[in-house]
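Structure first, commentary second.
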Amino acid sequence: MSLSAAESPDIKTTKPTQASKPSWGDTLKVYLEPATLRMLALGFSAGLPLLLVLGTLSFRLREAGVDRATIGYLSWVGLAYAFKWVWAPLVDRLPLPGLTPWLGLRRSWLLLSQIAIMAGLAGMAFNDPRLSLEPVVWCALAVAFGSATQDIALDAFRIESAGTERQAALAAAYQTGYRLAMIWAGAGVLWIAARAEVAPAVGIAVYQNAAWQTAYLVMAASMFVGVLVVLISPEPKRHELPPAKNITEWLQGALVDPFADFIRRYRWQAGLILALIAVYRISDVVMGIMANPFYVDMGYTKDEVAAVTKIYGVLMTLLGAFVGGVLSMRLGVMRVLMLGAILSSASNLLFAWLGTRGHDVGALIFVISSDNLASGIASAAFIAYLSSLTNVNYSATQYALFSSMMLLLPKWLAGFSGRYVDAYGYSHFFTATAWLGVPVLLLVWLAARATQRGGAGEPGGGGGYEGG
């Protein structure tokens, strides 16, 4: 596909006129296209492992009697996602013997990573953290590494599956599937574990590892959704690069060129863009690791948390992702990024308020609903923004760099969340995480001004899409 004037990174763009916008009918029909529906299912596969090694695992460990400080430090397992750019060039360019000739490059890496995730989840199921925490941690690392690898391949698969004008819809579908999987891996796990419990006898601890074993094995089996879609999906058409003449040239193309291309296209704006990416989700990520220990310590049962998340979380997640995707297509990504940043910080203040309510299920419903709505809007816009920055020639590597930077600082700070709660309490902690979102508003505003001047950052305005 040739670059139009609106798509060229070297041509400044202006705000589109009303006539250039798609009709509401055309906007909504995009969500029924096969590529969009595939992304919904693959988003489910991508979202499933995350909570099982972070949020849901923290609930399980807290119930097993593990202290909050240790739980906070164990959240550093999630740093595997922050360093996935290290092996992203291999996923982007290296064929897998046996699998790649059969499935193609993207689908072969997807299948391999999904198998690794299922094996790691099974390992977490068969280990009791009360007896030894180390095997659980190693299995969680295996899941995180496999999940990060799946993300690399899937982001490239998504970006290469459609042109720039479809990326907001694909991002919204991906985010919807992702959030539904997180609900299944959060509320679903708690519901299954509660159903699998036997009535405790006098003197028996509340924690029952057999119930968690059942729940984690069900999660491992749920990964077959992604496996099936990978097997029946077409391999996206890639922009073929000239073959490397030697290993030095291959390393140049795989390791150096993707990063040099980004700097070359965005010049001085690159630092601003990377700073925005690094902190955009900081409020949500730092707060999230203590949410489930908070529910446990506030006396909410697994059934209560599961029921609230399953009903209200699902509805508000679907609404948030849909609204975020539609608004991004209609109003532009930067405006919705600002809205998402404001809502994400504000929803953390609701958790501080919840901490003053005691055991109040009605307040829990309100807070979880608001948080899921805000997160859905922010995530759909943010994924579309990251996709617009990516050159399809280096889609896996560049997107891995962006999404890794998104998690590095927040995940590192989240490791100290347990110690902070021990020192200052939950309400003070949630308020502090809301304040972390204030610098994000300034960076979004600066990035939007840079976008207006140079056309970088909006889909169709500097994304570097050259194929498709």
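Pick from LEU231, LEU255, LEU251: which is at pLDDT 85 or above, of a type outside the set (Lys, Arg) and either closer than 17 Å to LEU42 by Cβ or in a helix (DSSP H, G or I) (or both)?
Details: LEU255 fails: at pLDDT 85 or above; LEU251 fails: at pLDDT 85 or above.
It is LEU231.
Across segment 319-344, which residue is nearest to ALA169 (Cα to Cα) among those that are surrounded by fewer than 23 Cβ atoms within 10 Å (Cβ to Cβ) and among the β-branched types (Val, Ile, Thr)?
In this case the residue turns out to be VAL326.
Has segment 345-363 got any residue that is surrounded by 24 or more Cβ atoms within 10 Å (Cβ to Cβ), in contact (Cβ under 8 Å) with a residue 60 or more places away in the chain and within 30 Å of ASP92 (Cα to Cα)?
Looking through segment 345-363, none of the residues is surrounded by 24 or more Cβ atoms within 10 Å (Cβ to Cβ), in contact (Cβ under 8 Å) with a residue 60 or more places away in the chain and within 30 Å of ASP92 (Cα to Cα).
Just wondering, is there one or more residues in segment 193-203 that are closer than 19 Å to MET118 by Cα and either in a loop (DSSP other than H, G, I, E, B) or at pLDDT 85 or above (or both)? Reasoning before the result, please.
Looking only at segment 193-203, we keep the residues that are closer than 19 Å to MET118 by Cα, and these are 193.
Among the residues that remain, those that are also either in a loop (DSSP other than H, G, I, E, B) or at pLDDT 85 or above (or both) are: 193.
Within segment 193-203, one or more residues are closer than 19 Å to MET118 by Cα and either in a loop (DSSP other than H, G, I, E, B) or at pLDDT 85 or above (or both).
Out of curiosity, is LEU103 within 14 Å of VAL77 (Cβ to Cβ) and either touching a His at 6+ places or on another chain (Cβ under 7 Å) or in contact (Cβ under 8 Å) with a residue 60 or more places away in the chain (or both)? Talk me through it step by step, then tell me what you get.
Numbers: within 14 Å of VAL77 (Cβ to Cβ): no; either touching a His at 6+ places or on another chain (Cβ under 7 Å) or in contact (Cβ under 8 Å) with a residue 60 or more places away in the chain (or both): yes.
It is false that LEU103 is within 14 Å of VAL77 (Cβ to Cβ) and either touching a His at 6+ places or on another chain (Cβ under 7 Å) or in contact (Cβ under 8 Å) with a residue 60 or more places away in the chain (or both).
Answer with yes or no whether ALA215 is small (Gly, Ala, Ser), out of contact with any Cys (no Cβ under 6 Å at 6 or more places or on another chain) and at pLDDT 85 or above.
Details: small (Gly, Ala, Ser): yes; out of contact with any Cys (no Cβ under 6 Å at 6 or more places or on another chain): yes; at pLDDT 85 or above: yes.
The answer is yes for ALA215.
Checking ALA140 against (1) aliphatic (A, V, I, L, M); (2) part of a helix (DSSP H, G or I); (3) out of contact with any Leu (no Cβ under 8 Å at 6 or more places or on another chain), which single condition isn't satisfied?
(3)
Got a sec? Which of PRO101, PRO129 is of a type outside the set (Gly, Ala, Ser) and either touching a Cys at 6+ places or on another chain (Cβ under 6 Å) or under 29 Å from PRO34 (Cα atoms) (or both)?
Testing whether each residue is of a type outside the set (Gly, Ala, Ser) and either touching a Cys at 6+ places or on another chain (Cβ under 6 Å) or under 29 Å from PRO34 (Cα atoms) (or both) leaves just PRO101.
Table: residues versus (1) closer than 29 Å to VAL279 by Cβ; (2) crowded, with 22+ Cβ neighbours inside 10 Å.
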| residue | (1), (2) |
| --- | --- |
| TRP87 | yes, no |
| THR100 | no, no |
| LEU105 | no, yes |
| LEU112 | no, no |
| ALA140 | yes, yes |
| ALA144 | yes, yes |
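Considering each of SER388, SER328, SER345 in turn, give the residue that is of a type in the set (Gly, Ala, Ser), over 24 Å from ALA187 (Cα atoms) and in contact with a Gly (Cβ under 6 Å, 6 or more places away or on another chain). Break it down into steps so the answer makes sense when it comes.
Working: SER328 fails: in contact with a Gly (Cβ under 6 Å, 6 or more places away or on another chain); SER345 fails: over 24 Å from ALA187 (Cα atoms).
Being of a type in the set (Gly, Ala, Ser), over 24 Å from ALA187 (Cα atoms) and in contact with a Gly (Cβ under 6 Å, 6 or more places away or on another chain) holds for just one of SER388, SER328, SER345, which is SER388.
Against the conditions (1) in contact with a Leu (Cβ under 7 Å, 6 or more places away or on another chain); (2) free of Cβ contacts under 8 Å to residues at least 12 places away in the same chain, where does LYS302 fall short? Just the number, please.
All conditions are met except number (2).
The values are calculated or read from the model by the stated rules, or taken from the named source; none is laboratory data. All figures in this text were calculated on a predicted structure; none of them were measured in a lab. We place every Cβ from the backbone using ideal geometry, glycine too, and count neighbours over all the protein chains shown.
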